[in-house]
Structure formats: C-alpha cells, structure tokens
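Working notes for the structure below.
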Amino acid sequence: MLGTIVNTGTIIIGSIAGSLLKKGLGDKYQQSLYTAMGLASLALGVNTFVQNIPKSEFPVLFIISIALGGIIGTALDLDGRTKKLIASKGGEGLANGLITACLLFCVGTFSIVGPIMSATTGDNTFLYTNATLDLVTSMVFATTYGTGIIFAAPILFCWQGGIYLVASIFGNVIPPTLLCEIQIVGGVLIVASGLALLNIKDCKTLNLLPSLAVPIIYFLLLALF
C-alpha cells in the first residue's frame, strides 16, 4: 500500500500548491488552463484507447459497456446528483473539474496496473510514476478550480486500495484481457470529460461510470458458463 499512500499524498500536496498559485492568476489565465486540461484529457483518453484497443479480444465489448453503463447511470442520475452536491460546495466549475480529475487519476494504466503489481510482486514503480504525474496534474487543476480538487485524493486512495485488496486475494486469476477492456472503456470516459471541459459536448460522464463494471461482469459470466 506504500505506493498508493505516496500517490494520495502527491495529490494533496499538488492541490494545496495549485490553490496557492491560483490567487496570483487572472480569469483569462485560469480559462487558458481550463482549456489546457480539456485538451490534455482528450489526448490522454485517446492515447489510452488507441494503446489498448489493438490488444482487445472483444473489440465490441467497450461499445456494449458504454451503452449499458450509460443506461444504468442515467437511470440513477449519477452525473446530476454528484454535480449538484459538488456545486453546492464550490460551483459548477469545480464539479466538472473534480470529476475529470478523478477520472484522470483513477482510470489510467498506471493507476489500475500499479496496485496489482504492488500487491502481487511488491513493485511500486508504476505507482511512483503515477504519483509524479498526479502531482503535476492536481497542481494545474487546483490552479483553476481551487482546493476542492483535494477531494480526489480519498477517492484515489479507495480506488487503488480496493484494487490492491482484490489483487492481494485474487491476483493470480485476474486476466490481462480484463484489464485491457477496463482501460479501453476508461479511455472513452476520459475523452468524454475532455469534451465537457472544452464546452464541446456535456457527455454527463458520471452517468457512464457504471460502464467500467460491465467488462468485469462479462468476464465473471464467462468464467461461470
């Protein structure tokens, strides 16, 4: 868990540092950073998707996952409820920023594979690399959205901690193909967040979040039948 603790700490440090820098920036510079984060989200999402889709053994699974996940998320109104909760504390901009930050921190390759490697081999290299990236990213996000980005830290801790726990118990039976499918869906979600940040299309990204569970359920059904 050391790697996850370090990763969580870098987000806290980056959020505090970025919020202090925010005080010296004007609105036009904050808007510029807002646009930069949208473009970065698009680039990272597309990169994650392109890297993993050639390795997929079920190339249409991500389409089914997003469709089913979107239906479930829309029925539960995950996006609307979460945005209302966050907006009541810090405004709509913080809501969009925090959602995007959480996806970038949690759905990337390092953040998924890292805890598994840490649990099964004791190697924290991926998590330390991810921590360095998240330090810079959280700082930039906090420069735009303020200290509210710090709430991404406990979310990341629970996410990576959960993966670490599962990998500690079932690490030898988690198929690499499942990790690949999760990352493909995650890449699409990050792209959706980037589109929202750039005011191109509000994809209501949180309504798509259940999509990440569909590949897991699919692989469980394959194992049972």
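Scanning segment 146-160 for residues that are surrounded by fewer than 16 Cβ atoms within 10 Å (Cβ to Cβ) and touching a residue at least 40 places away in the same chain (Cβ under 8 Å) turns up just one, Pro154.
Look at segment 192-220: where a residue is surrounded by fewer than 19 Cβ atoms within 10 Å (Cβ to Cβ) and a partner is among the basic types (Lys, Arg), sitting 6+ places away or on another chain with Cβ atoms under 6 Å, you get Leu195/Lys201. Assess whether Ser41 counts as being of a type in the set (S, T, N, Q), modelled with pLDDT of 85 or more and either closer than 21 Å to Ser111 by Cα or surrounded by 15 or more Cβ atoms within 10 Å (Cβ to Cβ) (or both). Spelling it out, it is not the case that Ser41 is of a type in the set (S, T, N, Q), modelled with pLDDT of 85 or more and either closer than 21 Å to Ser111 by Cα or surrounded by 15 or more Cβ atoms within 10 Å (Cβ to Cβ) (or both).
For segment 118-134, the set of residues classified as over 19 Å from Gly194 (Cα atoms), surrounded by 19 or more Cβ atoms within 10 Å (Cβ to Cβ) and of a type outside the set (Ser, Thr, Tyr) consists of Ala119, Asn124, Phe126, Leu127, Asn130, Ala131, listed by residue number. Kindly indicate whether Ile53 is open to solvent by less than 50 Å² (accessible area, probe 1.4 Å), in contact with a helix residue (DSSP H, G or I) (Cβ under 9 Å, 6 or more places away or on another chain), of a type in the set (Val, Ile, Thr) and more than 16 Å from Ile149 (Cα to Cα). Here the answer is yes, as Ile53 does meet what is asked.
Against the test of being β-branched (Val, Ile, Thr) and outside any helix (DSSP H, G or I), the options Ile200, Ile182 yield a single qualifying residue, Ile200.
The values are calculated or read from the model by the stated rules, or taken from the named source; none is laboratory data. For clarity, every value in this text was computed on a predicted model and none was experimentally measured. All Cβ positions, even for glycine, are placed from backbone atoms using ideal geometry, and neighbour counts span all protein chains on display. SASA here: full protein model, heavy atoms, side chains in, ligands and nucleic acids out. Shrake-Rupley method; radii C 1.70, N 1.55, O 1.52, S 1.80 Å.
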